[in-house]
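One structure is given here, and the rest of the page talks about it.
Derivation of every value follows stated rules applied to the coordinates shown; laboratory data play no part. These figures come from a predicted structure and were not determined experimentally. Glycine also receives a Cβ, built like all others from the backbone with ideal geometry; neighbour counts cover every protein chain displayed.
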Amino acid sequence: MSDLKYKRIVLKLSGEALAGNQGFGINPPVIKKIAEEVKDIYDLGIQIAIVVGGGNMWRGIAGSQMGMERTQADYIGMLATIMNGLALQDNLESLNVPTRVQTSIEMRQIAEPYIRRKAVRHLEKNRVVIFSGGTGNPYFSTDTTSALRAAEIHADAILMAKNGVDGIYSDDPNKNPNAVKYDELTQMDIINKGLKVMDSTASTLSMDNSIPLVVFNLNKSGNIKKVVQGEHIGTTVKGK
């Protein structure tokens, strides 16, 4: 492991990444490919925690815009992340990668409740830990969950895998052909420039705990492995 840049990571996967081009739900070939990418870095000896979103199933803010009470809408979103976490667990274990799902909302029949010391112990025993259910509180995104869990387990970095976007840009590159890609930023740059990478709570948590963030394209095979090996791809956001 001496040639690896990051030895304990939090991998942030959006729910949309699991949907692939179909845009909704879980796309079996896509989630299988993601599991294979995770196995590649697992085989290097990386300690891996994963936070998965739920946007492929439900978005709490969208529910609230339709008239649903925001807290209720957010809880539905948390359940969506748990469904995604279980699906990812199944695909990883089909590749003989030992995995534990921990939820911030207790569901003892299907997953462990989140306990920080137990999560760290799983990582030390080379089990992949999937954190589902967000923070367990409404009004907080899974980006914030990533920053919070990364701080709690003392992760070396947060790897934010984007669906088709190869880093952080000054504007949406799909809409603005003049958008400029950044190779390196600070968390304060993210906040000051109003860049839509993580929400401000997540950026502040990462900055306060000096946790670097790497934003890269998930759709290009081998990118997760390149990041942990120190190859410069995507955009690196310094912890301070």
*Determine Rg/Rh for the stretch 174-239; Rg is computed over alpha-carbon atoms and Rh is the Kirkwood hydrodynamic estimate from the same atoms.*
0.98
_How big is the dipole moment of the stretch 8-238 about its Cα centre under a simple scheme where the beta carbon of each Lys and Arg is +1, that of each Asp and Glu is -1, and everything else is neutral? Debye, nearest 20, please._
360
_Expected output is a single nm value to one decimal: the length gained when fully extending between residue 62 and residue 208, i.e. 0.36 nm times separation in residues minus the C-alpha distance. What is it?_
49.6 nm
*Positive minus negative residues near residue 231 (Lys, Arg vs Asp, Glu; Cβ under 10 Å)*: +3
*If we restrict to alpha carbons, what Rg and Dmax does the stretch 36-75 come to, in Å?*
16.5, 47
_Virtual spin-label span in nm between residue 115 and residue 217, 7 Å along Cα→Cβ_ = 4.3
*Starting from the Cα of residue 90, step 7 Å toward the Cβ, then list every residue of the stretch 119-142 with an amide N under 18 Å from that point.*
130-133
*Hey, quick one: spin label on residue 154, modelled 7 Å out along Cα-Cβ, who in the stretch 100-130 has an amide N within reach, i.e. under 16 Å?*
116-126
*At what distance in angstrom do the alpha carbon centres of the stretch 104-121 and the stretch 167-240 lie from each other?*
29
*Dimensionless Rg ratio for the stretch 110-240, taking C-alpha atoms and the 2.2 N^0.38 Å reference*: 1.09
*Karplus 3J(HN,Hα) series, Hz, for the stretch 220-226 with 6.51 cos²θ - 1.76 cosθ + 1.60 (x for Gly, Pro)*: 8, 4, x, 5, 4, 5, 4
*asked:* Suppose we keep just the DSSP beta bridges with both residues in the chain; what percent of those would be antiparallel, to 5?
replied: 15
*asked:* Quick query: amide H of residue 168 versus all other amide H atoms, modeled in the peptide plane; which residues come in under 5 Å with a sequence gap of 5 or more or a different chain?
replied: 182, 235
*Using the 2.2 N^0.38 Å rule of thumb for compact globular proteins, work out how the stretch 1-136 stacks up: its C-alpha Rg over that value, please.*
1.07
*Using alpha-carbon pairs under 8 Å, 6+ residues apart, how would you state the relative contact order of the chain in percent?*
22
